[in-house]
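Chemist: One structure coming up, written as C-alpha cells, with questions to follow.
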Amino acid sequence: MLQRHLLLRVAGPTVLVSLLLLGLCTATAVYLYNQQATTAHMLDEHVVSRKIDHELETAIDELITVHRNGSDQVDALHERIRTLLTDIQAVAHTEEERRLVRQLVYSFTRYRQGWDRRVTPGQASGDDAATVAVTLLETEILPLCRQLQEYHSLRIEHTAAAQSRIVHWMAWGLASVGSIGALAGLALGYSVARRLRHSIYQLSVRIQDAAGKLRQPLSTVILTADGDLHQVNEQMQGIVREIERVVAQLQQREREVLRADQLVAVGQMAAGVAHELRNPLTSIKMLVQANREEAEARGLPAEDLQIIEQEIRRMERCLQTFLDFARPPQPERRPVSLAALVDRMFALVEGRARKQHVTLHCTPSTIPVIVEADADQMQQLLVNLALNALDAMPQGGSLDVSLGTPVHDQVELRVRDTGPGIAPALLPRLFEPFVSSKETGLGLGLVVSRRIAESHGGNLWVTNPSHGGACFVLRLPVAMQPAVVTASTT
C-alpha cells in the first residue's frame, strides 16, 4: 500500500507529462490521417471524373464518326452520352466543374434538339442536319469536353502534390514527436529517479495535529536509513498504526462527548422528575409513620403500613440516585482513613451479608493509608460496591476487601466477590449510564461511583479474575502529609 502511494506521489508529474505527450502524438496522428484521407478521397474523385471525361470524349468522337459514315448507332451513343453527363454531374463539386458541366449539358441539349428536328417539314435535309450536328459536336461540345478533361487533369496534379506534401509533413511530424518523446522520457526518467531516491532516503511524517488533540505531543519521524521501498514500507507501518490509534481515540472521545451531551439532557429531566416526586413521597411517608405509630400504640397490626414505608424509602433511594447522577455534589475534602471507611462499610452491610451467608473479609495495608476525600461520598462509593457484590451472591459466598500499600503516591483498594462475574459482553459498557446486569437496577450506581473516584483524582474499573467472580479496583492519590483524620461519616 505504501509502495503504491509513494510511487504514485513520485511518478505523478511524470505520468501527467507522459499523458500530455501521448495526447499530442495522438492528436498529430489523427490530424495527419484526416488530411491524408481527405486528400486521397479528393484524388479518387478527380480520377473518377477524369475517367468519365475520357469516356465522354471517346463517345463524342464515335458519334462524330457515326454521323459522317451514316451509321444507325446514333441513338445508342446518345443514350451513352446522356448517362455519362448524368454521372459527371453527380461528381462535380467545385464551381468551375459545375459551370463547365452546365455548358456541356446545354450544348448537348441544343445538339439533340437540332438532331430531332432533322426530318421536320420545312427544315434541312438529313445530310444537312448531320453536317450541322457534326459541326456543333466538333466546335462546341468536344472542346468543352476537352476543357473539362484538362481541368480534372490539373486538379489531379494539384491533389497529388498536396498529398505528397502531407506525407512529407507526416514523416517529419512523426520524427519530431518521436524525438521529443525520447528526450522527454530521458528527462522525466531522471526526474523520477531523483524524486524517488529523495523520497526513500528522506521521508518525514508529522502527526502533530492529531497528537495535539490528544494532548500527546509526538516528535517528527525522519527515516534516513538506506534501503528499498519494502524496507521503507516496514518502517512506516509503525507510524501508520500510531496514526490509526490516534484517530480511533479521537473518534472515541467524540462519541463520549456526544453521549455526555445526551446524558446532560437526561440528567436534567431526571432531576426535575425526582424533585417533583420526592416532596409528595415525603408527605406520604410521614403520614404512614404517624398512622403506624398510632396503630402500634393501640395494639393493632401495622405490617401493611411498615411495607408501605419500606417501599417509599426504596423509592427515595432511587430518586436520590437520580439526583446524584444529575447534580453531583462538590466533594468537601479532608484527610480520611481508608481503613476506617472500609470498617464503616462492613458495619453497614454486615446484617444483609449474614442473611445471605456471605463471609466478609478485609486485608488491611501494612501502613496507615490517608487520602484527601469527602468521607460521605467515599462511603457511598464503597457501600455501592459492596451491595453490588452482595447482589451477585444471593446464595452465599465471600466478599474480600484488600487495601494495598501506596506506590508512587497512589493506593489501590480491591473489592472481590465469588459471584458469577461480569458478562463479557457487558464488561466494556459497565460504567455507561443505564447499563445494568440486574433486572431492577437503574444502571447509575457505578456511573456515580466512578464519577466520585474521578472527582477525587482517581479511577475505578473492574476485571474478571481467572478464578471467578468480579474484582472492582479503586485507585486514589494518597495525602501528602498527615493531618486530622476523619474516621466515619455523620
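The values are calculated or read from the model by the stated rules, or taken from the named source; none is laboratory data. Every value quoted in this text rests on a predicted model; they were computed, and no experiment measured them. Cβ: placed from backbone, ideal geometry, glycine included. Neighbour counts: every protein chain shown. Only protein heavy atoms, including side chains, enter the accessible area calculation; ligands, DNA and RNA are left aside. Shrake-Rupley method; radii C 1.70, N 1.55, O 1.52, S 1.80 Å.
Chemist: What are the ³J(HN,Hα) couplings of region 445-462, residue after residue, when phi is run through the Karplus curve with 6.51, -1.76, 1.60 and θ = phi - 60°? Round to Hz, x for glycine and proline.
Modeler: Taking θ as phi minus 60°, the curve returns x, 5, 5, 5, 5, 5, 4, 4, 4, 5, 5, 9, x, x, 7, 9, 8, 9 Hz for region 445-462.
Chemist: Quote to one decimal, in nm, the extra length available between Gln395 and Gln113 on full extension: 0.36 nm per residue of separation minus the C-alpha distance between them. Display every interim value, and only then the final one.
Modeler: On the way: separation 282, 0.36 × 282 = 101.52 nm, distance 13.36 nm.
The span from Gln395 to Gln113 would gain 88.2 nm if fully extended.
Chemist: Here's a follow-up. Can you work out the FRET efficiency for the pair Leu186 and Tyr31, with r the C-beta to C-beta distance and R0 = 22 Å, to the nearest 0.05?
Modeler: Working: r = 26 Å, r/R0 = 1.19.
E between Leu186 and Tyr31, to the nearest 0.05, is 0.25.
Chemist: Ranked highest first by the average count of other Cβ atoms within 10 Å around their residues, in what order do 456-468, 47-59 fall?
Modeler: Descending packing order for the listed peptides: 47-59, 456-468.
Chemist: Please report the accessible area of Glu95 (heavy atoms, 1.4 Å probe, ligands and nucleic acids excluded) in Å², nearest 10.
Modeler: Result for Glu95: roughly 120 Å² accessible.
Chemist: Hey, rough spin-label estimate for His408 and Gln237, points 7 angstrom out along Cα→Cβ, what's it come to in nanometres?
Modeler: About 3.0 nm separates the two model spin labels.
Chemist: Sort 367-379, 345-357 by packing, meaning the average of other beta carbons within 10 Å per residue, with the highest value first. Numbers along the way, then the final one.
Modeler: Values: 367-379: 20.8, 345-357: 14.5.
Top of the packing list down: 367-379, 345-357.
Chemist: Another question, if that's okay. Give me the distance in nm between label points sitting 7 Å out from Cα along the Cα-to-Cβ direction at Gln103 and Glu293, one decimal.
Modeler: Distance between label points: 14.2 nm.
Chemist: Next up: Hey, what did region 39-109 get for relative contact order, percent, Cα under 8 Å, at least 6 apart?
Modeler: Worked out over region 39-109, it gives 31 percent.
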